[in-house]
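Below is one structure; the comments refer to it alone.
The values are calculated or read from the model by the stated rules, or taken from the named source; none is laboratory data. Because the structure is predicted, anything quoted here is derived from the model rather than measured. Heads up, the Cβs are rebuilt from the backbone with ideal geometry, glycines too, and the neighbour counts pull from every protein chain shown. What goes into the accessible areas is simple: the full protein's heavy atoms, side chains included, and nothing from ligands, DNA or RNA. Shrake-Rupley method; radii C 1.70, N 1.55, O 1.52, S 1.80 Å.
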Amino acid sequence: GTFVNGTQVHGTKKLEHDDMIRIGSVILRFSDPSNTDSTRRLGAAPSVTQREKDVLRELCREYFVHAEFPQAASVHEIAQRLYIGDPAVKAHLENLYGKYKIVVATGRRQALYEDAIRRRGVTADDYF
């Protein structure tokens, strides 16, 4: 399938500057040369601790290891992969929500997943 910023696309979708597109096993970044308005740019990913980076990497793993229908990992899946408890993962996620300015009431993990991919907080280089 085709994914834009970690979300599967059905039909057409207008791309925005710095969108990450995955088609099969190929990952591309869309760059709009006409985008000169710096207020529309998301900017670089925020600075995170090494353990927060580990949590982000596990959160986004399915996107980069080419799962057929990638989605954000659950708290328990992240905890198992990092050999830490669920409460520790939740604490790291809370810190990441703040750093990435994720303010939605529901779907915060998915929003963080998409923003981390879009802002290149996690890239294919983190896995290979």
Lys13 accessible area, assembled protein chains, probe 1.4 Å, Å²
110
Could you provide, to the nearest whole Å², the per residue accessible area of the chain with probe 1.4 Å?
57
At a threshold of 8 angstrom on Cα-Cα distance, excluding pairs fewer than six apart, so keeping six or more, what relative contact order does the chain reach in percent?
28
Near the amide H of Asp19, under 5 Å away, which other amide H atoms are found, from residues 5 or more places off or on another chain, if H is placed in the peptide plane?
Phe30
What is the dipole size for the chain, taken about its Cα centre, with +1 at each Lys and Arg Cβ and -1 at each Asp and Glu Cβ, in debye to the nearest 20?
220
Can you list the lysines whose alpha carbon is less than 17 Å from that of Lys53, not counting same-chain residues fewer than 8 positions off?
Lys90, Lys99, Lys101
Compute the Cα gyration tensor for region 57-106, then decide on rounded, prolate or oblate, letting a ≥ b ≥ c be the square roots of its eigenvalues: rounded whenever a/c is under 1.5, prolate when a/b is larger than b/c in the other cases, and oblate in all that remain.
oblate
Tell me whether region 1-101 comes out rounded, prolate or oblate; compute the Cα gyration tensor, take square roots of the eigenvalues as a ≥ b ≥ c, and use a/c under 1.5 as the rounded threshold.
oblate
Provide the packing ranking of 76-85, 115-124, 59-68, i.e. peptides ordered by the mean count of other C-beta atoms within 10 Å per residue, highest first.
115-124, 59-68, 76-85
Working from Cα positions, state the angle (0 to 90°, nearest 10) between the long axis of helix 50-59 and the longest principal axis of the chain.
70
Whenever you get a sec, compute what percent of the accessible area on the chain sits on carbon and sulfur atoms (1.4 Å probe).
51
